[in-house]
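Input: a single structure, listed below in structure tokens.
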Amino acid sequence: MSEKNQLRDVFDAIADPTRRRLVRLLAEAEEIPLHELTAQFDMGRTAVSKHLTILREAGLVHDRKVGRETRYRLNAAPLKEVQDWVAYYNKFWHANLLRLQHLLEEEEE
């Protein structure tokens, strides 16, 4: 699925703490089988699978079958949209804090 054909918004996909944790786990490994991911949560395989489906629809996760097992890996490319959004606000806050610093320095003089 190309980034242009994503079925879900990346921000929506990572809004849930469980999905953010799945992204983190997948970022720390090249590929993880579903049963290993499920073992990291206090929920059943079906619930974890539903979260992975949402991540897959946002283009954040790829899966492949190996025999009867499904393995998942992270596709971090769609997170660039989040990074770009955060970078804009990082510049915004940096500029505002710099102005505040200048105001405080002027008051001290």
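The set of residues in the stretch 45-82 that are more than 17 Å from ASP16 (Cα to Cα) and part of a loop (DSSP other than H, G, I, E, B) comprises GLY67, ARG68, ASN75, ALA77. Selection of the stretch 8-49 for residues being open to solvent by 70 Å² or more (accessible area, probe 1.4 Å) and within 17 Å of THR70 (Cβ to Cβ) yields GLU30, HIS35, GLU36, ALA39, GLN40, ARG45, THR46. Tell me, which residue of the stretch 66-90 that is basic (Lys, Arg) and under 21 Å from the mean Cα position of the chain (by Cα) is surrounded by the fewest Cβ atoms within 10 Å (Cβ to Cβ)? Ranking the candidates gives LYS80 first.
Of the residues making up the stretch 94-107, not a single one is touching a residue at least 60 places away in the same chain (Cβ under 8 Å) and not charged (D, E, K, R).
The values are calculated or read from the model by the stated rules, or taken from the named source; none is laboratory data. As the structure is a prediction and not an experimental result, all values here were calculated from the model. Cβ atoms come from the backbone with ideal geometry, glycine included; neighbour counts cover every protein chain shown. Only protein heavy atoms, including side chains, enter the accessible area calculation; ligands, DNA and RNA are left aside. Shrake-Rupley method; radii C 1.70, N 1.55, O 1.52, S 1.80 Å.
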